[in-house]
1. Out of region 11-49, which residues are of a type in the set (Gly, Ala, Ser) and either over 18 Å from Asn156 (Cα atoms) or surrounded by fewer than 20 Cβ atoms within 10 Å (Cβ to Cβ) (or both)?
2. What is the number of the single condition among (1) closer than 26 Å to Asn97 by Cα; (2) surrounded by 14 or more Cβ atoms within 10 Å (Cβ to Cβ); (3) basic (Lys, Arg) that Lys61 does not meet?
3. If a residue has to be charged (D, E, K, R), more than 16 Å from Tyr146 (Cα to Cα) and in contact (Cβ under 8 Å) with a residue 60 or more places away in the chain to count, how many in region 58-104 make the cut?
4. Kindly state which helices (runs of 4 or more DSSP H) lie completely within region 1-98 and contain at least 3 residues that are under 22 Å from Asp183 (Cα atoms) and either of a type outside the set (Asp, Glu) or more than 19 Å from the chain's Cα centre (by Cα) (or both).
5. Return the pairs, sorted by first residue and then second, in which the second residue is of a type outside the set (Val, Ile, Thr), the first residue lies in region 1-19 and is without any contact (Cβ under 8 Å) to a residue 60 or more places away in the chain, the beta carbons are less than 6 Å apart, and the residues are 6+ apart or on different chains.
6. Looking for something within 22 Å of Ala8 (Cα to Cα) and in contact with a strand residue (DSSP E or B) (Cβ under 7 Å, 6 or more places away or on another chain) - is there at least one such residue anywhere in region 114-130?
Amino acid sequence: MKVVILGANGAIARLVESKIFSNSKYADIHLTLFLRKSHRINDLADNERASVIEGDVMEQKILSSAMQSQDIVFAAMGATGSVGLTQEIINAMRVNNVKRVISINDLGIYGEVPGAFGEWNKQMVGKGLKIGRQSADLLEDSGLDYTILRLAWLTNKPEVNYEITQKGEQFKGTTVSRASVADVVLRIIADPAFANKAGIGVDKPGTDGNRPVY
């Protein structure tokens, strides 16, 4: 299987890469690592199961070249900064007949976060919620096999402990570890049917509150 990771030096991306390269369960996976400055992942440059491409996701030609022969796209840089970024990813996938995509997004894009925490989250994320919703809508209407990951506020705790909610359900919790998010991504890579055509919420059980519970 071939997986391209866009934003390959991000914290969650790094956790996914480490697990894939260290666990024999993923021995048949080749990673294409796409990022703006390739020197940031020099430690992976000599890995025989890694190809490194330096470029900007908004440059369609180089993005399209990174998509060639891929099975899964993991857009690890987040979807709340630019709707155009999501559209460029969709365009490149269509050109190369790549169907499966995992996209990181924010909690609250569907108005699914209740109470005081939901109001606080709106204030903190601001216009990113509108962009995130527009990006999610693009994926839902794209005809691709997508998973949109709506993430609680992130921590660096070395734990894998999470629960999942579906679109249309009330979001639970306030925080989740990056290691937990990486685990969800790895589950999808191992079984692309998992959470297919879904916008799932990911949080740590028991972290409900008016503010993120770290």
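1. Ala11, Ser18, Ser22, Ser24, Ala27, Ser38, Ala45 - these are the residues of region 11-49 that are of a type in the set (Gly, Ala, Ser) and either over 18 Å from Asn156 (Cα atoms) or surrounded by fewer than 20 Cβ atoms within 10 Å (Cβ to Cβ) (or both).
2. Of the numbered conditions (1) closer than 26 Å to Asn97 by Cα; (2) surrounded by 14 or more Cβ atoms within 10 Å (Cβ to Cβ); (3) basic (Lys, Arg), the odd one out for Lys61 is (2).
3. Result for region 58-104: 0.
4. The helices (runs of 4 or more DSSP H) meeting that bar are 11-22.
5. Taking only residues 6 or more apart or on different chains, the pairs are Asn9/Leu35; Asn9/Arg40.
6. There is at least one residue in region 114-130 that is within 22 Å of Ala8 (Cα to Cα) and in contact with a strand residue (DSSP E or B) (Cβ under 7 Å, 6 or more places away or on another chain).
A quick yes/no check of all residues on (1) polar (S, T, N, Q); (2) at pLDDT 95 or above; (3) touching a His at 6+ places or on another chain (Cβ under 8 Å):
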position: Ile53; (1), (2), (3): no, yes, no
position: Val57; (1), (2), (3): no, no, no
position: Gln68; (1), (2), (3): yes, yes, no
position: Val73; (1), (2), (3): no, yes, no
position: Ala76; (1), (2), (3): no, yes, no
position: Ile89; (1), (2), (3): no, yes, no
position: Met93; (1), (2), (3): no, yes, no
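The values are calculated or read from the model by the stated rules, or taken from the named source; none is laboratory data. All figures in this text were calculated on a predicted structure; none of them were measured in a lab. Ideal geometry is used to build each Cβ from the backbone, glycine not excepted, and the neighbour counts take in all protein chains shown.
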